[in-house]
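The values are calculated or read from the model by the stated rules, or taken from the named source; none is laboratory data. Given the structure is predicted, the values throughout are model-derived calculations rather than measurements. Here the Cβ positions follow ideal geometry from the backbone for every residue, glycine too, while neighbour counts run over all protein chains shown.
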Amino acid sequence: MSHVKAHREVLRQKGQFWTPDWLADAMVAYVLERDGQTIFDPAVGAGAFFRAAKRLAAAQGWHVHLAGREIDPAALAQARHSGLTEDDLANTAISNFLNDPPCQQFEAIVANPPYIRHHRLSTELKGQLRRLALERLGFALDGRFGLHNYFLLVALHLLSPGGKLAFVMPADTCEGLSGRRFWAWITAHYCLEAVVVFHHTVSPFPEVDINPVVFLIRKSTPQKDFLWAHCTAEPESLLMWITSDFKERPIGLRVCRRNVQEAVEIGLSRNVARLEPDDNVPFKSLFTVMRGIATGANDFFFLTDDQINQFELPRAFFRLAIGRTRDVTSNSLDDQVIQALQRRNRPTWLLQLDGSPIETLPEALQRYLKLGESLNIHMRPLLAHRTPWYKMETRPPPPFLFAYLGRRNVRFIRNFVQAVPLSSFLCVYPQPNLLQGKIEQLWMLLQQPELLERLSLVGKSYGGGALKVEPRALEKLPVPRSLLNALDLDAAEQMSLF
Ligand SMILES: C[S@@+](CC[C@H](N)C(=O)[O-])C[C@H]1O[C@@H](n2cnc3c(N)ncnc32)[C@H](O)[C@@H]1O
């Protein structure tokens, strides 16, 4: 691993990504209201918010008290290095905020909580978080819900009446099912004043693969509406907007007032007008979606022509397959694409064995499988649970594939060659009654910009404008009835519903 990669890995483990000054200023400007106030940060790190608080207070001629928690002494050493004094850090305990929150309440809380993916959390910690949610919310949250959400939950509890809180968190906090329930609870108990999202070109964390969202919340009676701002350029405009008490409309910031309940339902990070259910049909009334084949060992099962020849494997046991989304750069998977891949010696053949006992297979295959066993291929995570380990998943070749993860590259692909896709793709099968004679119209439908734009409604957003759309999410994509009418698909869709 290179030095840079190893360094990033350590940062990931600890969730240490520092907030840039321009965002720290804007978030602190929201919570800091008067002279003599205490600002609490549950994850101090190198102290971006403390420095912002001192800057902003000094500009007003105010004094500000600072209090916080930080688990890592090395981060606090960085805070000292960055200009904070022992006095500034006197009320920052080196401890775990979730286990050891302060006993007092605060008027002003600001945080960029640690963003640590769920698979890096221990089973013990996950159990503790589950109990925390049950106790505070009355319901458990999905085990994949990240640590940052629990920071918010505990921090909200520390707000004094009328107090304000500013948190920056990844959009996954509000884009999944758990997110919807979590934010429905928060907005039913607190007043959501504003949400800020960023165009990926002005992301405050360009080096991290997340779509950051700022939440500005007050502990007061919940309101029906809130302000939703999209920062598209000049991120400093955010400070101007917040210090003007949300009155100014600086260049680079698009602001609208939205209904809280509707926005929570759609996902607070997403911006869309409310969709009328009668005007749309779910994707699943037209198509069934399945993920592509997970081989468990592409290097063993997914081969090139040369490899098949080298091991003298019988061709009858292989079927044409497509492995990576970047192997299909256009929206068509045809003979030319396959031939070009084969010329470049990219694998295109999947060893598709059923559960037949090894001794009934041709000798060359027996030798190849035994070679696999000698290399411990059969012990790999997915394969250890298959019986026999070489039995491959099956999929009928789908007429359409879906490349479900990417930056502006999430797209449907027409499969002209009866290939089966591996798990970088989803398989999209028209409902049986639609297959007859409607394929061309369905293909037209899947290329409509109006439909593709809506993928952001159901997908999860990541850094750099990337989107990930899982099978069940794609099945929920709202397809405009107007498109179905225009493409003569409306009658067929109705048939599939009943
Ligand atoms: C994303 S950084 C943000 C730091 C800083 N406030 C900023 O905005 O630049 C999160 C910090 O939380 C710290 N941290 C992680 N787990 C913690 C815990 N359980 N309690 C307190 N701090 C924690 C990490 O060490 C890291 O310094």
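Any residue that is at pLDDT 90 or above, within 15 Å of the ligand (Cβ to nearest atom), within 17 Å of the chain's Cα centre (by Cα) and more than 26 Å from residue 221 (Cβ to Cβ) - is there at least one of those in segment 123-136?
No.
Among the strands (runs of 3 or more DSSP E) confined wholly to segment 212-267, which include 1 or more residues that are among the acidic types (Asp, Glu)?
Output list reads 225-231.
For segment 306-336, enumerate the residues that are surrounded by 14 or more Cβ atoms within 10 Å (Cβ to Cβ), farther than 20 Å from residue 427 by Cβ and not hydrophobic (A, V, I, L, M, F, W, C).
Within segment 306-336, 307 is the sole residue that qualifies.
Considering only segment 173-208, how many residues are within 15 Å of the ligand (Cβ to nearest atom) and within 23 Å of residue 138 (Cα to Cα)?
The number of residues fulfilling the criteria is 1.
Residues checked against (1) over 18 Å from residue 109 (Cβ atoms); (2) at pLDDT 95 or above; (3) touching a Pro at 6+ places or on another chain (Cβ under 8 Å); (4) assigned by TED's automatic domain parsing to the domain that holds residue 151:
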residue: 42; (1), (2), (3), (4): no, yes, yes, yes
residue: 47; (1), (2), (3), (4): no, yes, no, yes
residue: 50; (1), (2), (3), (4): no, yes, no, yes
residue: 58; (1), (2), (3), (4): yes, yes, no, yes
residue: 66; (1), (2), (3), (4): no, yes, no, yes
residue: 70; (1), (2), (3), (4): no, yes, no, yes
residue: 76; (1), (2), (3), (4): yes, yes, no, yes
residue: 80; (1), (2), (3), (4): yes, yes, no, yes
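I'd like the full set of residues that are near the ligand (Cβ under 6 Å from one of its atoms) and among the β-branched types (Val, Ile, Thr), limited to segment 39-74.
44, 71, listed by residue number.
Could you tell me which residue of segment 268-280 is modelled with the highest pLDDT, considering only residues that are assigned to a helix (DSSP H, G or I) and either closer than 22 Å to residue 234 by Cβ or out of contact with any helix residue (DSSP H, G or I) (no Cβ under 6 Å at 6 or more places or on another chain) (or both)?
Top of the filtered list is 278.
Let me confirm something: among 101, 114, which residue is within 11 Å of the ligand (Cβ to nearest atom), within 13 Å of residue 42 (Cβ to Cβ) and in contact (Cβ under 8 Å) with a residue 60 or more places away in the chain?
114
Could you give every pair whose Cβ atoms fall below 9 Å, whose first residue belongs to segment 44-58 and is in contact (Cβ under 8 Å) with a residue 12 or more places away in the chain, and whose second residue is of a type in the set (Phe, Trp, Tyr) and more than 7 Å from the ligand (Cβ to nearest atom), counting only separations of at least 6 or pairs across chains?
From segment 44-58, the pairs are 44/50; 56/62.
Give the residues of segment 394-413 that are touching a Gly at 6+ places or on another chain (Cβ under 9 Å), closer than 18 Å to residue 427 by Cβ and of a type in the set (D, E, K, R), sorted by residue number.
Matches in segment 394-413: 395 only.
So which residues in segment 88-98 are in contact (Cβ under 8 Å) with a residue 24 or more places away in the chain and either more than 8 Å from the ligand (Cβ to nearest atom) or among the charged types (D, E, K, R) (or both)?
Listed by number, the residues that qualify are 88, 89, 91, 92, 93, 94.
Taking segment 164-184 as the region of interest, how many residues are part of a helix (DSSP H, G or I) and either among the basic types (Lys, Arg) or surrounded by 19 or more Cβ atoms within 10 Å (Cβ to Cβ) (or both)?
Total satisfying the criteria: 10.
Can we say residue 90 is outside any strand (DSSP E or B), surrounded by fewer than 18 Cβ atoms within 10 Å (Cβ to Cβ) and out of contact with any helix residue (DSSP H, G or I) (no Cβ under 6 Å at 6 or more places or on another chain)?
yes
Go through the residues of segment 6-14 one by one and say whether even a single one is within 20 Å of residue 236 (Cβ to Cβ), assigned by TED's automatic domain parsing to the domain that holds residue 167 and either at pLDDT 95 or above or within 15 Å of the ligand (Cβ to nearest atom) (or both).
no
Name the one entry in 167, 139, 106 that is within 11 Å of the ligand (Cβ to nearest atom) and either touching a residue at least 40 places away in the same chain (Cβ under 8 Å) or charged (D, E, K, R) (or both).
None of the other options fit; the residue is 167.
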